[in-house]
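One structure is given below, encoded as structure tokens.
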4 protein chains.
Amino acid sequence: MASNFFGDIFRITTWGESHGKAIGVVIDGCPAGLPLSEEEIQQELFWRRPKRNQYVSSRNESDKVEILSGLFEGLTTGAPISIIIFNQDANSHTYESTKNLLRPGHASFTYLEKYGIFDYRGAGRASARETACRVAAGAVAKKILRYHNIDLIAYLKQIEHIRANANISEISLLRQCVQKSPVLCPDIAKSEKMMERIEEITQEGDSVGGIVELVIGPLPSGIGDPVYESLEANLAKAMMSIPAAQGFELGSGFQAVIMKGSQHNDSFATNPDQKIVTRTNFSGGTLGGISTGMPLIVRVAFKPASSIKKPQKTLDMDKNPVEFTMPDTMRCDPCVAIRAVSVVEAMGALVIVDGLLKNKTVKL
Amino acid sequence: MASNFFGDIFRITTWGESHGKAIGVVIDGCPAGLPLSEEEIQQELFWRRPKRNQYVSSRNESDKVEILSGLFEGLTTGAPISIIIFNQDANSHTYESTKNLLRPGHASFTYLEKYGIFDYRGAGRASARETACRVAAGAVAKKILRYHNIDLIAYLKQIEHIRANANISEISLLRQCVQKSPVLCPDIAKSEKMMERIEEITQEGDSVGGIVELVIGPLPSGIGDPVYESLEANLAKAMMSIPAAQGFELGSGFQAVIMKGSQHNDSFATNPDQKIVTRTNFSGGTLGGISTGMPLIVRVAFKPASSIKKPQKTLDMDKNPVEFTMPDTMRCDPCVAIRAVSVVEAMGALVIVDGLLKNKTVKL
Amino acid sequence: MASNFFGDIFRITTWGESHGKAIGVVIDGCPAGLPLSEEEIQQELFWRRPKRNQYVSSRNESDKVEILSGLFEGLTTGAPISIIIFNQDANSHTYESTKNLLRPGHASFTYLEKYGIFDYRGAGRASARETACRVAAGAVAKKILRYHNIDLIAYLKQIEHIRANANISEISLLRQCVQKSPVLCPDIAKSEKMMERIEEITQEGDSVGGIVELVIGPLPSGIGDPVYESLEANLAKAMMSIPAAQGFELGSGFQAVIMKGSQHNDSFATNPDQKIVTRTNFSGGTLGGISTGMPLIVRVAFKPASSIKKPQKTLDMDKNPVEFTMPDTMRCDPCVAIRAVSVVEAMGALVIVDGLLKNKTVKL
Amino acid sequence: MASNFFGDIFRITTWGESHGKAIGVVIDGCPAGLPLSEEEIQQELFWRRPKRNQYVSSRNESDKVEILSGLFEGLTTGAPISIIIFNQDANSHTYESTKNLLRPGHASFTYLEKYGIFDYRGAGRASARETACRVAAGAVAKKILRYHNIDLIAYLKQIEHIRANANISEISLLRQCVQKSPVLCPDIAKSEKMMERIEEITQEGDSVGGIVELVIGPLPSGIGDPVYESLEANLAKAMMSIPAAQGFELGSGFQAVIMKGSQHNDSFATNPDQKIVTRTNFSGGTLGGISTGMPLIVRVAFKPASSIKKPQKTLDMDKNPVEFTMPDTMRCDPCVAIRAVSVVEAMGALVIVDGLLKNKTVKL
């Protein structure tokens, strides 16, 4: 069943495999009249480009974006926006040696069970390369958010036990700190520690998990729908659809378990502008599935990357036990959470834009 | 925009307010030929019935289920199944005293911001009473799962720092333990401690958070779709749409953050029947969004209930600061996670049935 | 697969069988703040009530409408509106004698082929009784249209070779003429002829086809979407989903086949208010799938009813040839097109409301 | 709102403008394991290629198809299939002279009203060029139908009063006749007359309407859903979404209006193989929205093309009356119905494949 799309009013459909000719995304439902250029999208992709530094894997993805439709004289027309990125540097031979292995933590087994066929080259459709399309579409969504004065930032919150402190009250300041860190962590001291730890892990031929936090604000109140289309439900779906995601939290998240109602209840008050706010924000910015107007705060836990250099035991496709070592030419990410930062930000932008547009239809 | 439905092929649409005439659910897309009776659904609702014991709130909801359509001679016909529960014991006068308050943690504020109107009686559409419809629909979904020999169980995993141990390898045995516990916790010792703690919290006029764990198995491999409709994405949406949910985990969940790839990678092996399994199950039963055939394990964190007896400070609708105390006649749940157990189970069943039916369309 | 719903933003889901306990509709996505009462919906159902005169069949359907949810203090709240009509006068014994027959023109055969089970009582889900739910939902849609100053009217245009002339430039005047005619035809002379013809057909124990025309206006320009969600595509789907519909036309319809481009092209001009209009309206009110602002004109052809009193030859379920005569207690409609008038009007209203709401999302 | 997609399980999303860089389609939900090549799709596009003869317009569209994703070793993988056709021979200068005109019968006016912006070059997104993507996707759908032994053929049934007779009982024979005719009409004598008439019309600088008939069979019984997703409702939507479509008929169509029930009722009988059939097929192959197993027969009326060489009166965008003549370099189709033949066939294939896949989910 059709499943490669996300969103209802502002909908993206992505396509493409890691080692096919190209990957791409079609944005259907983008409002007309938005100024847009390839450069802006290219800029967003810079964030995820693996070669930026040693903390992410080394595929030389130049990822040149082309917009093939939906623009006229620099503005969106309401027609679908087709964005394409031709694949380069896709050396499929690398994957010959592992093509008959059920690599632990990889999707080859489940794709084969489901479809009876699997494009093993770079994990095919299961590759995280698909997320480049999310980032490209997210760039368009962010332009719409900016038009509505909504800002958002994702950053690396934690790896192992190293957890960053961050002042999230000013997103633009927070962004400056995030951009300075090679691991996208705004807490300078912790950023240093994370880098050290990642270097160690890389030496060990291993990988490590992490948490990405996303902050959105100022978000207007009223975004999100009750019950099944609640803002947090759609954010959770968006985030858990990112490869390697294992957990999702809103506001207090799992900490809510050890809190009492009298602590957790965010009491209402007025700010100096007489706007209604909450004194605390344990809820994370929603009540009843609808935004309160407070910053929206979510966290996503990512597992350690499954591709590691260390020798591993598993089965081949004939069910024979094997021990294997990944070829040196295969790329590894010591911490996928770093690469996921831009994807979390993009998915957050997509959910909010869809919610903003839906919200235009709730009153007469 | 239409938002009160869940699922694509097996779709539920729910309606109704806490203090309206009735609540109900329409199940559209249920396969034909399934034996079904009102009694079976009634039985499932027993699980959530608040008056079962002192650990859940005391609304005398007899919740008598009626099936109005979709059955012929005891079998489903493929036509929509309309299930209705008339509201009884809905004393709206109780809510008169708080109708002008922005109760902390409640949705009155956000509904008013979104719609400009709010049915304050028992929280109207925002009431957890809507979840009775999910449980009723879940009962139908579970019958389909049983037909496919798929079993599932949810239970109370944790409140505050009290965390249960449970043997999840045999779901039928686990169910027996869960059903014996007034708080739906299969670990007898921890169940006792939980009860004690809930009694204390009730005395304090406060509430406490909790975690519900859901185990599904044996689940066939191949369920779930790549990318945006991954099994975990849909489970996350399902769970985060439950009132008071603050977090979602799959398998290792947030623990993945402190693990290395070499630990987390579930290596493949064969079981005595020569079926491919994984030695560990940190992934939680999916790879690439598709079920592996191992048990599916998810956890949902619930915040402490917002309705507490303790005095609270907030604003009224004219932005005046007020301190208020809930009337004694208003029902409170000291731990909503207990009530949520049956809802988590129902939502899990709905996601799996939809996935099973979708999966029939992926091969020629 | 779920299929008992219509519309995207303003979505209806209907349920119920002809001889079940009740039928109903859930409206999901209705904007908040609309005044609504059971009486208004009841009034719309009056139009379709079969006992109004001898030209439609005689089921004594009192069709008492109840609104079970979605209203608070007389206004819609944005929550789903559940409308129920309990079935009365449903004498299932009438259908015992024909339950094993494959009645020509009926859905028993195809339902059995599809589902393996069929509720034969009054045709179950395949009964035109389902259309009462469309009319009820259409009543809500019409209120929204009135709020936007959009009017619409359907009427009986033709039976056999008797074709009405009607001045469609003033919908309110047209409505007065339609309401005066027992067969809902605004052309007095043709209405008389139609009645005579229907009486003859009834005497013969036979039935006759007809055409219903729908006029909507003044419709704002810009409603409808390019390509697959064009206004005419959605109108066609809406109309062809009505039982017994065999054809659909927009504007010139099949007459376009014998026209030249130089005739058919509606040239643009300005009206006295300097508004852009077209001199003619062969297109029927849309260009490129989007409304022009001219009246929207569609026609729907209905086959003669399959239930007739004349003896008919067919098979029973064991493939034996049989000749059968319908029992006298079974209701027949000599011309279903008359009953279809209110349904065409309702479906038209549903399409336009959905289009209006979608249109709010196309600009920044 | 997202609107450039069609189908639920087997879903196409199209994008691209007439004079943009490229057009394309993403097929999401195609079952895995289907052999597929670019050549097969290229072959289908040959049918619509305008330069095939003088009866269709003269754009030199080489329309070279590329498949960018979704295939592995010649088989579909279940991943989205992205098909692209780069635009060539797109001389935008041609359109400069008419860019400020509200050309009669064109969508420039309605797009501007809706979006405030319009890509006037070759009608942009409103161009019939989009239909090449439907034909490409239809080629994939047809391969699936062939796998299920379902055949289909569309042909030119009528222009003006010239109506073809055709023996539709053997689709493969019918196809041979259709392919021999430059205007895709299987009736040799009428084909000749049509060609003569089109030459006359071309000389006049005018255009003419036409009817396309589609025949599908042998279609299994049970395809299509009751009520809103009836087979005819989805076919009607599919066909009326084709540019220039003004009418849709199923089986007897508008002729049903002058028939009696005793004539129109298709009585059931057994064929020599003891299969249940109907003696006649006025219903057109469905009952209650579900296929009967008899051939599916639909007809679509197309208006005469709006682009004609004759001088026309209209307004410019400043509301000034103007008389204009299309530049000689602009392409005209004397009868768009001929070009529409392949599109009707493609849309029919898409509806049936979606219905086939949906049908897999209706039984346990």
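Across region A:314-319, coupling constants 3J(HN,Hα) worked out from phi with the 6.51/-1.76/1.60 Karplus curve, θ = phi - 60°, read 6, 10, 8, 5, 8, 6 Hz, and Gly and Pro carry x. Could you tell me the calculated FRET efficiency between residue A:277 and residue A:179, based on Cβ-Cβ distance and R0 = 35 angstrom, to the nearest 0.05? Once rounded, the FRET efficiency stands at 0.75.
Counting only alpha carbon atoms, the long axis of helix C:171-180 and the longest principal axis of chain C meet at about 20°. The H on the amide N of residue A:364, modeled in the peptide plane, is under 5 Å from the matching H of C:32, each at least 5 residues off or on a different chain. Sequentially through region C:19-30, phi angles give Karplus couplings (6.51, -1.76, 1.60; θ = phi - 60°) of 10, x, 5, 7, 10, x, 9, 10, 9, 10, x, 5 Hz, Gly and Pro residues having no value and appearing as x.
Counting only helical runs of four or more DSSP H residues, what would the 222 nm mean residue ellipticity of chain B come to if each run contributes -39,500 (n - 2.57) and the total is spread over all its residues?
Result for chain B, helices only: -8500 deg cm²/dmol.
In sequence order, region A:270-281 has phi-based couplings of 10, 8, x, 8, 6, 8, 6, 10, 10, 5, 10, 9 Hz under the Karplus curve 6.51 cos²θ - 1.76 cosθ + 1.60, θ = phi - 60°, and Gly or Pro positions carry x.
Excluding residue C:312 itself, what net charge comes from residues whose Cβ is under 13 Å from its Cβ, given Lys and Arg +1 and Asp and Glu -1?
Working: positive: C:103, C:309, C:310, C:313, D:260, D:279; negative: C:206, C:316, C:323, D:266.
Residues close to residue C:312 contribute a combined charge of +2.
Short version: which residues of region B:233-247 lose at least 50 Å² of accessible area, all chains versus chain alone, 1.4 Å probe? Going by heavy-atom accessible area, the residues of region B:233-247 that drop by at least 50 Å² are B:237, B:240, B:246. Roughly how many Å is it from the Cα centre of region C:193-264 to that of region D:161-191, as a whole number? So the two Cα centres are separated by 28 Å. Contact residues in region B:78-101 by the 20 Å² criterion (accessible area, 1.4 Å probe, full protein complex versus chain alone): B:78, B:79, B:80, B:82, B:86.
Taking every residue in A:350-362 and counting other chain Cβ atoms within 10 Å of its Cβ, the average works out to 5. Chain B comes nearest to the axis taking it onto chain C at the Cβ of one residue; that residue and its distance, in whole Å, are B:13, 2. For residue C:151, the residues whose modelled amide H falls within less than 5 Å of its own, excluding neighbours fewer than 5 places apart on the same chain, are C:217.
Roughly how many percent of the accessible protein surface of the protein assembly as shown is carbon and sulfur, given a 1.4 Å probe and a whole-percent answer?
50 percent
Going from the chain on its own to the full set of protein chains, region B:1-20 has these residues losing 30 Å² or more of accessible surface (heavy atoms, 1.4 Å probe, no ligands, DNA or RNA): B:1, B:2, B:3, B:4, B:5, B:8, B:9, B:11, B:13, B:15, B:17.
Please give the total accessible area that chains B and A bury against each other, computed with a 1.4 Å probe and expressed in Å² to the nearest 100. Summing both sides, the interface buries roughly 8400 Å². Among the residues of D:297-308, the average count of other protein chain beta-carbon atoms within 10 Å of the residue beta-carbon is 5. Between residue C:325 and residue B:170, the FRET efficiency from the beta-carbon distance, with R0 = 60 Å, is close to 0.45.
Taking Cβ atoms as reference points and 12 Å as the exclusive limit, the residues near residue B:148 contribute a net charge of +3, counting Lys and Arg as +1 and Asp and Glu as -1. Rounded to 0.05, the FRET efficiency of the residue D:46 and residue D:364 pair, given R0 = 45 Å and the Cβ-Cβ distance, is 0.55. The H on the amide N of residue A:315, modeled in the peptide plane, is under 5 Å from the matching H of A:102, A:322, B:268, each at least 5 residues off or on a different chain. Axis of helix A:131-147 versus longest Cα principal axis of chain A: the two differ by about 20°, to the nearest ten degrees.
In terms of the mean number of neighbouring beta-carbon atoms within 10 Å, the peptides D:229-240, B:163-174, B:326-337 order highest first as D:229-240, B:326-337, B:163-174.
Would you tally the net charge around residue D:159, using a Cβ to Cβ cut-off of less than 10 Å, leaving residue D:159 out, and scoring K and R as +1, D and E as -1? Overall, the nearby charge balance is +4.
Over all distinct Cα-Cα pairs of region D:179-220, the Kirkwood formula returns a hydrodynamic radius of 12.0 Å.
Helix A:336-359 and the long axis of chain A differ in direction by around 40°, with both axes built from C-alpha atoms.
The values are calculated or read from the model by the stated rules, or taken from the named source; none is laboratory data. As the structure is a prediction and not an experimental result, all values here were calculated from the model. Positions of Cβ are generated from backbone atoms using ideal geometry, with glycine treated the same way; all protein chains shown enter the neighbour counts. These accessible areas exclude ligands, DNA and RNA; they are computed on the full protein's heavy atoms, side chains included. Shrake-Rupley method; radii C 1.70, N 1.55, O 1.52, S 1.80 Å.
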